[in-house]
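So the structure is just underneath, and the comments pick up after that.
The values are calculated or read from the model by the stated rules, or taken from the named source; none is laboratory data. Keep in mind it's a predicted model, so treat the numbers as computed, not measured. Using ideal geometry, Cβ is built from the backbone for each residue, glycine included, and neighbour counts are taken over all protein chains shown. In case anyone asks, the SASA skips ligands and DNA or RNA and just uses the protein heavy atoms, side chains included. Shrake-Rupley method; radii C 1.70, N 1.55, O 1.52, S 1.80 Å.
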Amino acid sequence: KEGAGFSESNPWLPIDSAHLALAFTEQDQDPHSTLQICRQLLTMRTKHPELRYGDIRLLDSDPQILIFERSLNDQDHQEGIICIFNPTINPHFWTPPDTIKLGRCILSSHQDHMVLAPQSWAFFKKI
């Protein structure tokens, strides 16, 4: 294909074959692609006003892990979302602080939510 799934026009520079898997047409069909993850994150942000308008509170945790709460403190919304990130190249076991009760996992980059894979993240409803 001329545009390799990036465009329908003839590119003015050659497209390296290593980039073919990154084309929209490829990522649109792959449920684990960066495109699909971005779509899921944007949908989550749209559905949960605390991610757009809420306060942020950093939570104590292992210094290798970033955990914070986003919450709306108004009459209509008493909910919160716990956001957990492992930016390191190592897996990390974690447990929620005693003051936080986690509900369902809204979205996660991995299967095991108590062992954060390297460079992974998870979002939980706070109950």
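From the backbone phi of region 24-32, what are the Karplus-calculated ³J(HN,Hα) couplings (6.51 cos²θ - 1.76 cosθ + 1.60, θ = phi - 60°) in whole Hz, Gly and Pro given as x?
Per-residue couplings from phi come out as 3, 4, 7, 5, 5, 8, 9, x, 9 Hz.
Stokes-Einstein diffusion coefficient for region 14-127 at 10 °C in a medium of 1.306 mPa s, Rh from the Kirkwood formula over Cα pairs: what value in µm²/s?
Value of D from the Cα-based Kirkwood radius: 101 µm²/s.
I need the fraction of alpha carbon pairs in region 43-107 separated by more than 19 Å, rounded to a whole percent.
35
Counting only protein heavy atoms, what percent of the accessible surface of the chain is carbon or sulfur at a 1.4 Å probe?
After summing per-atom areas, the C and S share lands at 55 percent.
Which value in nm describes the separation of the simple spin-label points at GLN36 and ASP112, placed 7 Å from the Cα toward the beta carbon?
2.3
Just for the Cα atoms in region 80-123, what are the lengths along the principal axes, largest first, rounded to whole Å?
27, 20, 15
Subtracting the Cα-Cα distance from 0.36 nm times the residue separation, let me have the gained length for GLN29 to ASN90 in nm, one decimal.
Extending this stretch completely gives an extra 19.0 nm.
Quick check for you: with a 1.4 Å probe and neighbouring chains kept, what is the accessible area per residue of the chain, in Å²?
69
Place a point 7 Å from the Cα of PHE68 along the Cα-to-Cβ direction; which residues of region 36-61 have their backbone N under 15 Å from it?
Residues 50-61 fall inside that zone.
Post the alpha-carbon centroid distance, region 92-122 to region 17-39, in whole angstrom.
That distance is 25 Å.
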